[in-house]
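Participant: Please find one structure pasted underneath; my questions will follow.
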Protein chains: 2
Amino acid sequence: MGRCSDARDRLLATAAKLLHERGYTAVSVSDICQAAGLKKGSFYHFFESKQALAIATLEKFAELNRERVAQLHARQSAAVEKLRTMFMGMYDGACERAAANSPLLGCPLGNLAGEMAGRDDAITDKLQTIFVEWREGIIKILEQADTNGELVVSDPKATAETLVACVQGAALMARTMSDPEIVRRMGEQALAMLERPATADATVPAS
Amino acid sequence: MGRCSDARDRLLATAAKLLHERGYTAVSVSDICQAAGLKKGSFYHFFESKQALAIATLEKFAELNRERVAQLHARQSAAVEKLRTMFMGMYDGACERAAANSPLLGCPLGNLAGEMAGRDDAITDKLQTIFVEWREGIIKILEQADTNGELVVSDPKATAETLVACVQGAALMARTMSDPEIVRRMGEQALAMLERPATADATVPAS
């Protein structure tokens, strides 16, 4: 049982790595089995198909993202700082890869979306669920900030949606241009956008 | 000669369509030849490889983008309106596809970047060149607006880079969520970010 579960975890970890490095179409079940040091029988014992394994890696990533966003939400810090952490986590990861002369890989969700969204229904559904969940986590942070009077957020859903899209755009461009600084700069600009309503509100005289 | 050039154009148009619909790895030279109604001999007369044809489609797309940005730059309208046109062009295209019940396809550049950036040097180089050119076009619009006093743009390069990343993030998320409105909403938020320094600087007109 221990070995069984180890094999499943190895398949998940190997698939996550290979899909992130090479993309979905370019990686075969054989590639994954070979890299994980397992036979195809083991693979099909745990997963029906490459698609099913890819969706399981997405679920694993979603869990991690869910935890991260919940941790941010629970922090005793300003909303802007919580959201900055979201960008800086990605920035730090990109810097580490750049320092090791490894190509930047972008976001596993965004890469899979860019390759498969609208082309594979099950993968698209899973990606949609994860992105909605991510957005909902950010909405909570924004609503709390609005309640605290830290920010004025007239449309939390649209703002959260934009922040997720900013993270995705930043990840994609940083990877394409081989430049982690794009994530940092974009994060700063996205956060400056957020601060605006509070500033605007503070300066608009009562009429 | 006429037929020759027609065959090359057909290969380019077919490849652009298939790559946009299915991605790079999933499309073979045979797929492209079959869809274009041409033999492989014709293909290899014009292009060395699928990679070379993909780069040629990128060049074609870059030309179009260059023209669009130049036209925007030449317009007698506010910079914010020029930049809004950039988002709205993408929004209109996405709406047309949604109205026809066709899946949204995202940006051909962003999709290829999400699949191949850092994995194929020649494609990555070409994508970088096109993104830099796009950014430079936006910088011109921003600098002109700064000179006119329409906007205050302290770092045109960073702002232009962010706008390109916003377009990419919006295209990716709209496609993934099957929702063209994401492009419109993100465009508005990105442009609101731009207007900020001008608003802060300019005296508020009496209404």
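The values are calculated or read from the model by the stated rules, or taken from the named source; none is laboratory data. Since the structure is predicted, the reported quantities are computational estimates derived from the model, not experimental observations. As a convention, Cβ positions derive from the backbone with ideal geometry for all residues, glycine included, and neighbour counts pool all protein chains shown.
Participant: State the number of residues belonging to segment A:10-47 that are hydrophobic (A, V, I, L, M, F, W, C) and either in the same structural domain as A:I123 (by TED's automatic domain parsing) or more than 23 Å from B:A117 (Cβ to Cβ) (or both).
Facilitator: 10
Participant: Looking at A:K50 and the list (1) more than 26 Å from A:E133 (Cα to Cα); (2) touching a Ser or Thr at 6+ places or on another chain (Cβ under 9 Å); (3) crowded, with 16+ Cβ neighbours inside 10 Å, which single condition is not satisfied?
Facilitator: Unmet for A:K50, out of (1) more than 26 Å from A:E133 (Cα to Cα); (2) touching a Ser or Thr at 6+ places or on another chain (Cβ under 9 Å); (3) crowded, with 16+ Cβ neighbours inside 10 Å: (1).
Participant: Note down all Cβ pairs under 8 Å where the first residue falls in segment A:150-173 and is more than 9 Å from chain B (Cβ to nearest Cβ) and over 17 Å from A:A94 (Cα atoms), the second is assigned to a loop (DSSP other than H, G, I, E, B) and among the aliphatic types (A, V, I, L, M), and they're at least six residues apart or on different chains.
Facilitator: Correct list of pairs: A:E150/A:A78.
Participant: Ok, one more. Looking at A:L151, A:L172, can you tell me which residue is at pLDDT 95 or above, in the same structural domain as A:L194 (by TED's automatic domain parsing) and among the aliphatic types (A, V, I, L, M)?
Facilitator: A:L172
Participant: Which of (1) farther than 30 Å from A:A56 by Cα; (2) surrounded by 22 or more Cβ atoms within 10 Å (Cβ to Cβ); (3) more than 9 Å from every other protein chain (Cβ to nearest Cβ) is the odd one out, the single condition A:M186 does not satisfy?
Facilitator: Exception for A:M186: condition (3).
Participant: Got a number for residues in segment B:18-47 being surrounded by 15 or more Cβ atoms within 10 Å (Cβ to Cβ) and within 14 Å of another protein chain (Cβ to nearest Cβ)?
Facilitator: Number satisfying all stated conditions: 11.
Participant: Determine which member of the set A:K82, A:K39 is among the basic types (K, R) and farther than 29 Å from A:A7 by Cβ.
Facilitator: Checking each option against the conditions leaves just A:K82.
Participant: Taking A:D92 as meeting all but one of (1) in a helix (DSSP H, G or I); (2) without any contact (Cβ under 8 Å) to a residue 40 or more places away in the chain; (3) surrounded by 20 or more Cβ atoms within 10 Å (Cβ to Cβ), write down the number of the exception.
Facilitator: (3)
Participant: Still on this model: Here are A:A35, A:A13, A:A54, A:A70: which of them is at pLDDT below 95 and either part of a helix (DSSP H, G or I) or touching a Pro at 6+ places or on another chain (Cβ under 8 Å) (or both)?
Facilitator: The conditions single out A:A70.
Residues checked against (1) within 7 Å of chain A (Cβ to nearest Cβ); (2) crowded, with 16+ Cβ neighbours inside 10 Å:
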{"residue": "B:A113", "(1), (2)": "yes, yes"}
{"residue": "B:A122", "(1), (2)": "no, no"}
{"residue": "B:Q128", "(1), (2)": "yes, yes"}
{"residue": "B:F131", "(1), (2)": "yes, yes"}
{"residue": "B:L142", "(1), (2)": "no, yes"}
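Participant: Among residues belonging to segment B:106-147 that are of a type in the set (S, T, N, Q) and in contact (Cβ under 8 Å) with a residue 60 or more places away in the chain, point out the one that is nearest to B:T176 (Cα to Cα).
Facilitator: Here the answer is B:N111.
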